[in-house]
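One structure below.
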Amino acid sequence: MSTTNDTARIHQRVAAADWPQLAEELDTYGCALTPRLLTPAQCARIAGLYGRDEQFRNTIDMARHRFGSGQYRYFTHDLPEPVAELRAALYPRLLTIARDWAERLGRPAPWPDSLEKWLAMCHEAGQDRSAQILLRYGPGDWNALHRDVFGDMLFPLQVVIGLDAYGTDYTGGEFLLVEQRPRAQSRGTTTVLQQGHGLIFTTRDRPVATKRGWSAGVMRHGVSTVRSGRRHALGLVFHDAA
């Protein structure tokens, strides 16, 4: 499904992003939009995997579980090469931000330099199921506000990548991020997820400066109602599930 050149280009695109600027946006908003990481052809190939049962360990009907409306499928650990390479390329870039956030919040930073070692730690703790997902929404579908916390072993950042063209393949379906602010009304952010671009966002909270230092601003994410067409997205989580 991929070639050596495709793999190299994925790593080059991730490396070429303005990471200081992305870190600043994450500090301010809890999310940050990357440049294009996948070509339209790569996006189409990944979206086209949705019907291949052998690629996935489980399928979730969101309406059945009252998560919203639509479906998503969990990949097996045998990830398609572009998905595995994106995860490997992004982890060390996100790790720097994760460690900085942990220091500000006075939390442990258990994440090693190697993604493989971190996943091994997750598995040793009983979190040994793949958490990478492929999502599909049709007209009227949506995703309720939530956090992707699958156990005690948690990486504080994750990435969602748009696989279809906004305004052409679908309308509506904007990414939602809502911050619960202490003693104040919640603040919402909406993002249009363009094809091939990634949105980095917090798994559960972000550091918020206060008069007494730093506190954790609780955040949840979801997807607004799709008005027309079909919307696919790739969800990259950097810890495995219990």
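The values are calculated or read from the model by the stated rules, or taken from the named source; none is laboratory data. None of the values given here were measured: they were computed from a predicted structure. Here the Cβ is made from the backbone with ideal geometry for all residues, glycine too, and neighbour counts use every protein chain on show. Heads up: the accessible areas ignore ligands, DNA and RNA and are worked out on the full protein's heavy atoms, side chains in. Shrake-Rupley method; radii C 1.70, N 1.55, O 1.52, S 1.80 Å.
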The condition of being among the β-branched types (Val, Ile, Thr) and more than 18 Å from residue 236 (Cβ to Cβ) holds, among 59, 7, 34, only for 59
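Here are some residues: 179, 174. Which one is in contact with a helix residue (DSSP H, G or I) (Cβ under 9 Å, 6 or more places away or on another chain) and either at negative phi or not β-branched (Val, Ile, Thr) (or both)?
Working: 174 fails: in contact with a helix residue (DSSP H, G or I) (Cβ under 9 Å, 6 or more places away or on another chain).
Going through 179, 174 in turn, just one is in contact with a helix residue (DSSP H, G or I) (Cβ under 9 Å, 6 or more places away or on another chain) and either at negative phi or not β-branched (Val, Ile, Thr) (or both): 179.
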Return the pairs, sorted by first residue and then second, in which the second residue is among the acidic types (Asp, Glu) and part of a helix (DSSP H, G or I), the first residue lies in region 21-38 and is farther than 21 Å from residue 178 by Cβ, the beta carbons are less than 8 Å apart, and the residues are 6+ apart or on different chains. 23/100
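The rows are residues; the columns are (1) open to solvent by 30 Å² or more (accessible area, probe 1.4 Å); (2) farther than 19 Å from residue 221 by Cβ.
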site: 97; (1), (2): no, no
site: 103; (1), (2): yes, yes
site: 120; (1), (2): yes, yes
site: 126; (1), (2): yes, yes
site: 135; (1), (2): no, no
site: 139; (1), (2): yes, yes
site: 145; (1), (2): yes, no
site: 169; (1), (2): yes, yes
Subset of region 177-222 [part of a strand (DSSP E or B), over 25 Å from residue 107 (Cα atoms) and open to solvent by less than 10 Å² (accessible area, probe 1.4 Å)]: 198, 222
One residue is enough: does region 72-83 have a residue meeting the conditions touching a helix residue (DSSP H, G or I) at 6+ places or on another chain (Cβ under 7 Å) and more than 30 Å from residue 226 (Cα to Cα)? no
Report, by residue number, each residue of region 141-167 that is among the aromatic types (Phe, Trp, Tyr) and more than 18 Å from residue 102 (Cα to Cα). 142, 150, 166
